[in-house]
């Protein structure tokens, strides 16, 4: 894969990561009455939204159209979250669900950074590292609710 296609692919992956996080937070926020975890989720939403905007702006600079996750994936994510919180909407369960998604995102980003850093455009690598840092911070915040 040439460098241009690799950079485009990584931008898509970064955007998808942020969009899935936003969708997950939107789906789960209404499932809890706990004000503390709800505020934590809203703070995370703002963080992901800001980064998704940065990623989308960079994509436009490279003439790449951001792609939203497909409707089937969104529906599966929504139903999975709703079914899980229907039986248990405790703060620790909500935090655990979000933590699992965050850890998956961290793992994907770490792999991208470790395996492709030398060939990525500096702007894209910087965004990947910024998204990774945000996810690692969110992971620590979520652990406090377990």
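Things to note:
- Long-range tail of P(r) for the chain (Cα pairs > 26 Å, %): 26
- Rounded to 10°, Cα long-axis angle of helix 122-143 versus longest principal axis of the chain: 10
- Helix-only mean residue ellipticity at 222 nm for the chain, each DSSP H run of n ≥ 4 adding -39500 (n - 2.57), per residue, nearest 500: -28500 deg cm²/dmol
- Mean separation of Cα contacts under 8 Å (6+ apart) over length of the chain, as relative contact order %: 34
- Dividing the Cα radius of gyration of segment 21-93 by 2.2 N^0.38 Å, with N the residue count, gives 1.31.
Laboratory data are not the source of any read-out in this text; all were calculated from the coordinates shown. Bear in mind the structure is a predicted one, so any value in this text is a computation, not a measurement.
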